[in-house]
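Below you'll find the structure, written out as structure tokens, and then a few comments.
Just so it is clear, none of the values below were taken in a lab; they were calculated from the coordinates. Remember, it's a predicted structure, so these values are computed and weren't measured experimentally. Virtual Cβ from ideal backbone geometry, glycine too; neighbours counted across all protein chains shown.
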Amino acid sequence: MPTDNQPKSPSPAPPTTSGAAPAPAGTDFIRQIVAADLASDLAAGRPPRTIVTRFPPEPNGYLHIGHAKAICLNFTVAAENGGRCHLRMDDTNPSKEDVEYVDSITQDVRWLGFDWGEHFYHAADYFERLYLFAEELIANGKAFVCDLDAEQMREYRGTLTQPGRESPWRGRSVQENLDLFRRMRAGEFAGGARTLRARIDMASPNIVMRDPVIYRIQHSSHHRSGDKWCIYPMYDFAHCLSDAIEGITHSLCTLEFVPNRALYDWVLDQVDLSALPSRPRQIEFARLNLTNTVMSKRTLRLLVEEGRVSGWDDPRMPTICGMRRRGYTPASIRAFCESIGIARSDNLVQFAQLEFCVRDDLNRSAPRVMGVLRPLKVVIENYPEGRVEHLDAVNNPEDPGAGTRKVPFSRELYIEREDFQEDPPKKFFRLAPGREVRLRYGYFITCTGVVKNDAGEITELRCTYDPATTGGNAPDGRKVKATLHWVSAAHALSAEVRLYNQLFTRENPARVEEGGSVFDCLNPNSLELNTETKLEPSLASAAPGQTFQFERMGYFTVDPDSRAGALVLNRTATLKDEWANVLRRGGAG
RNA sequence: UGGGGAGUGGCCAAAUUGGUAAGGCACCUGACUCUGGAUCAGGGAAUUGGAGGUUCGAGUCCUCCCUCCCCAGCCA
């Protein structure tokens with residue numbers, strides 16, 4: 001269970017009536033099924049079963065936000081019902097898996113705020129038992145050793161519209177199958193030379209049921225079992241049995257496994273489960289898709305391998321480690337996963353939904369600070385040269401307990417370039433010639449002059465301040481339309497800031513055009529490097545991982561690339577920006 | 001094309017199993033504000049993919065049609 005800021009979800013009402021009792025309202029179909037199962041136990045006079053779920057990643061890549069949806073679902077459904085959730089490495093294919101990934105996976109799940117207790121498992125640890133189940137299938141005449149090679153097998157499988165043909169090896173005797181299978185295990189045959197197949201129905205309209213391979217020979221060493229095995233079970237065989245072995249009650253997976261459910265149930269029907277704690281049930285839900293990004297592990301891997309991003313933890317990546325580096329909090333990711341719901345229809349969630357969740361969380365927790373991304377020098381002509389004041393600034397208006405800090409003010413400052421316009425449009429209430437604005441926690445200033453270079457670019461503003469408005473308060477109660485953030489030029493810290501934009505320009509990059517590539521819509525401007533940022537001096541001691549709100553600019557998180565005196569910050573998210581909406585609507589003129 | 005899954009405001013997503021379309025995000029308006037942030041109040045937006053049918057009554061049931069997604073790895 002998450003321990004920090006955990007979004008409280010109401011526990012389903014205790015089931016009181018028969019198995020047909022209405023499920024609690026306002027909850028997704030999976031929670032309704034779980035509630036109904038519990039209700040049916042009660043109705044039958046049994047003690048209600050312990051709900052056991054599992055998150056079963058294959059350690060062949062890094063976890064992403066789509067996995068977070070599954071992780072939140074599995075762990076919270078279990079927790080809401082007083083059950084438990086296992087973390088299981090689905091590591092049945094040694095050629096693609098690595099410990100590097102199991103380490104990152106456990107780290108990410110823990111970081112998200114979930115605890116699997118002692119229930120950390122590996123499918124590889126079940127290889128011996130799985131092998132025995134396979135022999136049981138053979139003994140029951142439900143599996144056979146097949147000598148067809150991969151290409152032949154494809155031909156025999158048939159097509160979507162044509163039934164397959166039975167393998168010539170389908171009729172081998174139990175004895176021969178057992179002997180061959182044992183010799184497969186013993187390493188007598190080359191990789192790919194033979195397979196163990198379930199004997200089901202080559203004419204099934206469900207292709208998954210056309211005598212699927214359940215064991216293959218692969219002479220490669222496994223990250224966990226080493227060289228102990230040279231035959232490895234396939235997903236469809238290993239997964240359902242692993243679930244049964246662990247006592248999983250509800251095996252939640254994504255929609256693409258719907259056709260596999262027939263095989264999941266078939267395998268469980270063929271073996272003696274009586275010594276096992278449960279007969280698990282597979283339930284599918286729709287995977288998460290997010291606008292302007294991709295969730296496919298293959299594509300994410302290509303982004304990394306082709307150097308289009310800096311690594312799996314590039315802050316533009318939808319990976320958990322990328323989002324962590326970007327500055328997303330575990331609570332914000334959990335809140336997001338809760339907000340999108342669980343259903344069976346394909347979906348494409350807008351990135352704005354995720355951004356809302358980070359802002360919502362960071363607004364409450366992030367210390368405020370002033371940072372100028374595109375500095376424009378301001379000289380306050382009537383402010384004494386050499387004078388420095390240390391003004392009080394509130395650390396977090398959402399959290400009075402966060403206290404205040406001192407910010408130096410002096411004659412020469414930087415303000416944001418975009419906060420000044422020489423010829424301001426109608427709805428622009430920031431600084432302009434002759435106009436008065438407030439410098440946050442500082443003074444009211446009035447622009448009295450504009451200095452330009454030979455190219456006609458504004459290089460400096462001349463202003464005057466009203467000494468009576470110290471701290472930003474006007475004793476005469478006069479109002480000002482805008483409050484600007486600023487930084488004292490002499491005291492400013494320089495920093496590198498990485499401004500991130502969408503990785504892909506199209507809403508759904510996964511939908512590739514004929515003959516095209518996902519990378520056709522890669523956003524060339526997804527990373528904007530800014531080296532001119534000036535920060536208030538309080539940031540000097542900021543440590544990697546810390547997130548701040550730069551007032552009026554957004555949330556920024558200190559990157560691990562930072563070194564003493566050389567801060568690097570990632571923009572986690574911008575603030576909601578009314579002015580940007582005005583500009584977008586073209587209503588500023 | 002065989003099998004399977006799914007279509008509810010721009011995006012997610014509910015709907016007590018037939019009783020008259022929640023909520024969130026986004027958007028817009030106003031209030032407030034030393035962040036054009038936050039907060040508060042309000043608003044627009046859906047003939048529930050389409051056409052028929054059953055019914056006093058249909059998002060929910062029936063029929064037909066359309067669209068999208070998944071399956072032809074010795075991947076998961």
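What FRET efficiency comes out for A:Thr404 versus A:Ser541 if R0 is 22 angstrom and r is the Cβ-Cβ distance? Round to the nearest 0.05. So, using R0 = 22 Å, E works out to roughly 0.85.
Using C-alpha pairs below 8 Å separated by at least 6 residues, the relative contact order for the range A:371-485 is 28 percent.
Note down the net charge around A:Glu513, summing +1 for each Lys or Arg and -1 for each Asp or Glu among other residues with Cβ under 12 Å from its Cβ. Intermediate results must be reported in sequence, preceding the final value.
Numbers: positive: A:Arg506, A:Arg511; negative: A:Glu514, A:Asp520.
Taking every other residue near A:Glu513 into account, the sum is 0.
Pairs spanning more than 19 Å between alpha-carbon atoms, out of A:Lys406/A:Lys534; A:Lys377/A:Lys534; A:Lys377/A:Lys479; A:Lys479/A:Lys534; A:Lys96/A:Lys228: A:Lys377/A:Lys479; A:Lys479/A:Lys534.
Using only Cα atoms and rounding to the nearest 10 degrees, what angle (0 to 90) does helix A:351-365 make with the longest principal axis of chain A? Roughly 60 degrees between the two axes. Label positions at A:Leu302 and A:Val512, each projected 7 Å from the Cα along the C-beta direction, are separated by 0.4 nm. For the range A:130-234, the residue among A:Val213, A:Val145, A:Pro168 whose Cα projects farthest onto the positive side of the dipole built from Cβ charges is A:Val213. Taking 18 Å as the straight-line reach from the Cα of A:Lys481, the aspartates and glutamates in range (excluding those fewer than 8 positions away in the same chain) are A:Glu416, A:Glu418, A:Asp419, A:Glu422, A:Asp423, A:Glu436, A:Asp466, A:Glu551, A:Asp577, A:Glu578. Multiplying each eigenvalue of the alpha-carbon gyration tensor of the range A:124-220 by 5 and taking the square root yields semi-axes of 22, 14, 13 Å, largest first, rounded to whole angstroms. Taking a temperature of 4 °C and a viscosity of 1.567 mPa s, what whole-number D in µm²/s does Stokes-Einstein yield for chain A with Rh from Kirkwood over alpha carbon pairs? The Stokes-Einstein estimate is 46 µm²/s. Measuring from a point 7 Å past the Cα of A:Val582 along Cα-to-C-beta, which residues in the range A:473-515 have an amide N at less than 18 Å? Flagged as within label range: A:479-485.
Multiply the residue gap between A:Gln107 and A:Ile283 by 0.36 nm, knock off their C-alpha separation, and tell me the result in nm, one decimal place.
Gain on extension, A:Gln107 to A:Ile283, equals 60.7 nm.
Label separation (A:Leu255 vs A:Ala482): 4.6 nm, computed from points 7 Å beyond Cα along the C-beta direction.
With +1 on each Lys and Arg Cβ and -1 on each Asp and Glu Cβ, and nothing else charged, work out how big the dipole of the range A:371-485 is about its Cα centre, in Debye to the nearest 20.
Working: 18 positive and 18 negative charges, 52 e Å.
It comes to approximately 240 debye.
Against chain A, whose longest principal axis comes from its Cα atoms, helix A:65-80 is set at around 70 degrees.
Could you list A:Glu578, A:Glu532, A:Glu436 so that the one with the fewest beta carbons within 10 Å of its beta carbon is first and the one with the most is last?
Numbers: A:Glu578 9, A:Glu532 14, A:Glu436 21.
The order, fewest Cβ neighbours first, is A:Glu578, A:Glu532, A:Glu436.
For the range A:242-305, the residue among A:Leu288, A:Leu252, A:Leu303 whose Cα projects farthest onto the positive side of the dipole built from Cβ charges is A:Leu303.
Applying the Kirkwood pairwise sum to the alpha-carbon positions of the range A:371-485 produces a hydrodynamic radius of 14.9 angstrom. By the Cβ rule of 4.7 Å, chain A holds the following cysteines without a possible disulfide partner: A:Cys85, A:Cys146, A:Cys230, A:Cys240, A:Cys253, A:Cys321, A:Cys357, A:Cys447, A:Cys463, A:Cys521. Relative to one another, the C-alpha centroids of the range A:311-343 and the range A:146-190 are positioned 44 Å apart. Placing dummy labels 7 Å off each Cα toward the beta-carbon, the span from A:Glu155 to A:Asn206 is 2.9 nm. For chain A, the longest principal axis of the alpha carbon atoms and the long axis of helix A:235-246 meet at an angle near 90°.
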